Amino acid sequence: MKITKKQILCFVLILSFLLLSLVNFFSINEAQAGDLWQMQEGKDKIGKAFGQAGEDPLDVREVIVNIIKIFLTFVGIIFLVMIILAGYKWMTAAGNQDKIGEAKSQLKAAIIGIIIILAAYVITEFIAEELRKEMFDEVW
């Protein structure tokens with residue numbers, strides 16, 4: 001059975017998505033550990049009185065923001081792979097102007113795509129920070 005480049009690319013993308021999802025999942029709890037709400041004394045007693053056990057549940061807004069971040073990370077990896085493949089195509093063009101032109105257009109499209117994804121990630125991070133401020137105001 002011959003393994004094609006598309007199969008290898010799909011495997012690498014799926015593997016990188018899974019790894020980044022795991023990294024993002026485990027970093028969420030560490031980032032929330034320093035929250036002011038976590039440092040309140042007697043919080044666990046109040047939680048137990050109202051039937052809450054263990055950690056604070058994530059707010060729905062935080063979960064949605066984390067899902068969007070994971071999705072944008074995955075799409076960013078796709079565009080990064082597209083940039084690498086376009087560079088490879090350009091390097092292996094061997095002076096063929098048609099292939100070089102095609103590689104340049106793919107490279108331009110991938111760079112525009114990654115810029116859009118980075119902008120979306122920054123906007124998502126800004127909105128998440130505003131939501132965190134809003135949640136902090138609700139607590140007080």
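Every read-out reported here was derived from the displayed coordinates using simple, explicitly stated rules and does not represent laboratory data. Computed from a predicted model, the values in this text were never measured in an experiment. For neighbour counting, all protein chains shown are included, and Cβ atoms are generated from backbone atoms with ideal geometry for every residue, glycine included.
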Taking a threshold of 27 Å on the Cα-Cα distance, which of the pairs Lys2/Lys69; Lys6/Lys104; Lys69/Lys104; Lys69/Lys108 fall above it?
-> Lys2/Lys69; Lys69/Lys104
Difference of contour (0.36 nm per residue) and Cα-Cα distance, Ile64 to Ile84 | 4.2 nm
Could you work out how far apart the two model spin labels at Asn96 and Leu18 are, taking each label as a point 7 Å from the Cα in the direction of the beta carbon, and quote it in nm?
-> 3.5 nm
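Calculate, for Glu134 and Phe71, the FRET efficiency according to 1/(1 + (r/R0)^6) with r their C-beta to C-beta distance and R0 22 Å; round to the nearest 0.05.
On the way: r = 23 Å, r/R0 = 1.03.
So, using R0 = 22 Å, E works out to roughly 0.45.
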